[in-house]
Amino acid sequence: MKIIFLALLLAVADCITETGGTSQRLVCYLNVQATNRTGDGAFSLENIDPYLCTHLIYAFTSDIALNSTSFGPTQIAYDKLLAPRVKNPKLKIMASIKSEDLKWDSSKGIENKVNKTVDYLKKYRLDGLDIYWNMSSGNYPIVNFFTAMRNAFDRHNLIFSLAVFTETNNDVMYFMDFVDTVDFISVLAYDLWRSTQAFWEANHPAPLYSNSSDGRTIDSLILYWLEHDTPAAKLNLGIPLYGSSWTILADGKTEPPASATWGPLNKHVNQIGQTPYYDICSSVKSSGWKVFEEKSNSTGPYAVSPADPSGSRVWVGYDDVHMVTVKSQYVRYVRGLGGATVWDLSQDDCRNVCGKGSYQLTAAISRTLGIPRPKSSSSASDSKQSSLSNVIFLIFTSGLLSCR
């Protein structure tokens, strides 16, 4: 038995060597609206752990959109956001803009946009720009713009990144011509049900693997990028710090996929069908919600509320500490990706509402990816590392024992 286990360790070590085994990038989005929340959803910029992430991205600004009158961060907000960089000078702080806010009329419009972007980043002492590209918005990337941005950003030592949500794998092809122009791409591999099932079916929003032959998974999406010659080091795996919720009607089954209606409006994030992690763990801790765990490391758990007077129950699928650790191991050891990206920092348990440490999910990801911390600094939610058996399982499940 010891010989077999040793052989497995050697096989895993060999694969880790070939796929890199080091993922030194953790990109953390922060919703610009988070500081307006109250109660358990309150978020203070002063409480950001400066060593938790390698990149902190403020989302979203529209100040740099030409002729824009939309809400954007103030100088005071940026000053507070930049404060963690005083303690950790290696922390990169960026702004993010939605692709639909990129507007120009001609090639001269592109030049003006690029110049205005550089001026904006310099004014607020930011390290770079991220573009959140949602293909469902109908916007398509333009080669000239990306090339111009890359050239200008190189002259000013700025970071240029993309966050991409694609409803189908074919959408990925639109970005193949732009891979060389960006420093990294965050693949937003969650809410995958949007392209694989009806809105009226409760199922896990971000499955790593699938137990059936159909259904879109994180691994299939990442493989699609890799198989089309995207360097693994440029890819970040997107991990949600929230759950997707549905309402199960009276007498309905809860085992996914389950017939359901769209989930309730969350009072903290003001989103229908979206529940922050701190609300989930608080409901499990204090409101009698029951957790159902998936044992194969393919998906995270789901939780079901007690029935209301009508017999309906709320169903929420999410990633817990164990599952974000498994996904981080997948990033680091199985696919050798450049890192991970979380949306968004304010939806983690940043105020330790659930009593298991601040930023419980993000800290687990940071720790597993090997993000360095000063020896005198320790996360409030430090816990034991998951066993090597998780990594071995992932290697076998992904078919990587032969190594890519």
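What follows is calculated from the coordinates using simple rules that are stated; it is not laboratory data. These figures come from a predicted structure and were not determined experimentally. Every residue, glycine among them, receives a Cβ derived from its backbone with ideal geometry; neighbour counts consider all protein chains shown.
Annotations for the structure displayed:
- Summarising the label geometry, the points placed 7 Å from Cα in the beta-carbon direction at Glu100 and Val291 lie 3.6 nm from one another.
- Between His228 and Ser310, the FRET efficiency estimated from the beta carbon spacing at R0 = 56 angstrom works out to 0.70.
- Estimated dipole of the range 270-350 in Debye, rounded to 20 [Cβ of Lys and Arg +1, of Asp and Glu -1, Cα centre]: 280 debye
- Listed from fewest to most Cβ neighbours within 10 Å, the set Trp225, Trp246 follows the order Trp225, Trp246.
- Exposure proxy ranking, count of Cβ atoms within 10 Å, fewest first, for Ser220, Ser346, Ser305, Ser244: Ser220, Ser305, Ser244, Ser346
- Extension gain, Lys80 back to Asn115 (0.36 nm per residue minus Cα-Cα distance, nm): 10.1 nm
- Separation in nanometres of the label points that stand 7 Å from Cα toward Cβ, at Asn47 and Glu201: 3.8 nm
- Length gained when the stretch Asp177-Lys253 is fully extended (0.36 nm per residue, less Cα-Cα span): 22.8 nm
- Efficiency of FRET from Cβ geometry, Lys356 and Thr261, R₀ 41 Å, rounded to 0.05: 0.85
- Loop-located chymotrypsin sites (Phe, Trp or Tyr not before Pro) in the range 272-326 (DSSP state other than H, G, I, E, B) with a sparse environment of at most 15 neighbouring Cβ atoms within 10 Å are absent.
- Estimated distance in nm for a label pair at Thr38 and Asn151, the labels positioned 7 Å out from Cα along Cα-to-Cβ: 5.2 nm
- Least to most buried among His55, His268, His156, His322 (fewest other Cβ within 10 Å first): His156, His322, His268, His55
- 22 Å Cα-Cα threshold exceeded, pairs from Lys285/Lys375; Lys87/Lys116; Lys80/Lys123: Lys285/Lys375; Lys87/Lys116
- Considering only beta bridges that DSSP places wholly inside the range 160-319, some 75 percent are antiparallel.
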